[in-house]
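Here, each number is a calculation from the coordinates, and none is a lab measurement. Just so it is clear, the model here is predicted, and its values are computed rather than measured. Here the Cβ is made from the backbone with ideal geometry for all residues, glycine too, and neighbour counts use every protein chain on show.
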Amino acid sequence: MRAQTRRKVAALAAVTWVMVLGNTMLFPVFPAIRAELELSGGQLAWLVAAISLPSAGLSPLAGALSDRIGRKAVIVPSLVLYGAGGLLAALAGWRAEAPFAWMVAGRLLQGLGSSGPMQLTMALAGDMFQSEERAKAVGLLETANGAGKVASPLLGGAVGAFGWQAVFLVYPVAAGLAAAAMALLIDEPPARAARRPASYLGAVWRAAERPAVWLTFAAGFAFIFSLIGLSFWLTEAAAPRLGWSRFQLSLAVALPMAGLASASLTAQFVQTRLGVGAAAAAGGVLAGGALAAVAMLPQPLHLWLAAAGLGAGVALPALNSIGVGAAGREQRGAVTAVYGGLRSLGAALAPAGLLMLLRIHPDAPFLILGGVLAALTLLIGRRAAGWSPAGRRARGRPRRVSP
């Protein structure tokens, strides 16, 4: 990869890295927030939902807007908004008489700001790079995503030593640096003439209606629901039962993210050798099996946490490749934003969904989610090129998603 390309990918990766701080950085300080503000588990869930729900709802609109005015014109202001929401939450924690309401408001503001950047960086990578360079760029963005998730709980645990309010100050600092990198280093290809709405929406629908693509959307939702739900379970159930300190909780939350980041580094190799469909299936089966093992063989817990992350790290880059390649340049922003919106919806619903499943049975979340991940990705494997023997004989050639 050329030096100029590396700088551009680094700027895009910085945006991705900042966005994944949204939830996992707070998990290590959730017990402190809950104790000081006397909150329930359901109220804590709102600190996750408040950022993820607006992101899920507005991501498709941000994608459509970026197809018309450009990705960069949406990403940079969004980063500013995201940082401002973090600053509001921090100040509320220190100064407000009713801090929780203002913190939720700050998280909502962050949700508005996070509705575009994560997904649009993938769309922008698709615009700027071609063929193998594009696959490398998408893989590196998923690696940055994973690296951010690893660093996020560790950073939250470390900064939390200065008070849980200080963790929220990380958002404006990191978002400001990422916005500067985007403004200085990214030269976006010129936008094409905008389509009429009916024609545009029709093209987006045609891209997203193929079975391999909508199954990919569902799998993206399920993976993020599972990862965020697993982190919330560590905060709400495992840490209190096992008597973990903030540092021990930070390490436990970081484990699946470390597995995800490590496996993402091999994404291009795995996809080249197996094809995107088989890579997604292999990762889904591994992640699903690890989640089921948490219920059936709870020890060694840390091994299953790492294995779940490894499976996600194999599957998610393959799912991203399918999502990015599902449309032409004119619709790529909207299609990837729909995909990203569903991932955000998975994060938003994960804490409350986990609490509901735990009421059924303590093992229910792990057995149900494990089965869903394995089933969805196996179906994708049968639909996407590279799964069949013919696809495996064509190793080394770019993979395309079959209808």
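Of all the Cα-Cα pairs you can form in the range 8-165, what percent are over 18 Å apart? It works out to 60 percent of all Cα pairs.
Remark: spin-label model distance residue 73-residue 241 equals 5.3 nm, labels positioned 7 Å along the Cα→Cβ axis.
Modelled label positions at residue 214 and residue 97, each set 7 Å beyond Cα in the direction of Cβ, lie 5.2 nm from each other.
On the beta carbon distance between residue 161 and residue 40, with R0 = 22 Å, the FRET formula returns roughly 0.30. A Förster radius of 56 Å combined with the Cβ-Cβ distance from residue 296 to residue 184 puts the calculated FRET efficiency at roughly 0.65. Two numbers describe the Cα atoms of the range 3-393: Rg and Dmax, which are 19.7, 66 Å.
Which peptide among 255-265, 66-76 comes first, and what is the full order, when sorted by highest mean count of other Cβ atoms within 10 Å? Display every interim value, and only then the final one.
On the way: 255-265: 24.5, 66-76: 21.2.
The densest-packed peptide leads the list: 255-265, 66-76.
Stretched out straight at 0.36 nm per residue, the stretch from residue 273 to residue 173 would grow longer than its current Cα-Cα span by 32.0 nm.
Ranked by the mean number of other Cβ atoms within 10 Å of their residues, highest first, the peptides 231-239, 33-41 come out as 231-239, 33-41. Full extension of the chain between residue 303 and residue 248 gives 18.3 nm of extra length, using 0.36 nm per residue less the Cα-Cα distance.
Please compute the length gained on full extension between residue 80 and residue 6, using 0.36 nm multiplied by the number of residues separating them and subtracting their Cα-Cα distance.
Numbers: separation 74, 0.36 × 74 = 26.64 nm, distance 2.41 nm.
Length gained, residue 80 through residue 6: 24.2 nm.
Output the peptides 117-123, 13-19, 352-358, 59-65 sorted from most to least packed, where packing is the average of other Cβ atoms within 10 Å over each peptide's residues.
Numbers: 117-123: 29.6, 13-19: 25.3, 352-358: 18.4, 59-65: 23.0.
Order by mean packing, descending: 117-123, 13-19, 59-65, 352-358.
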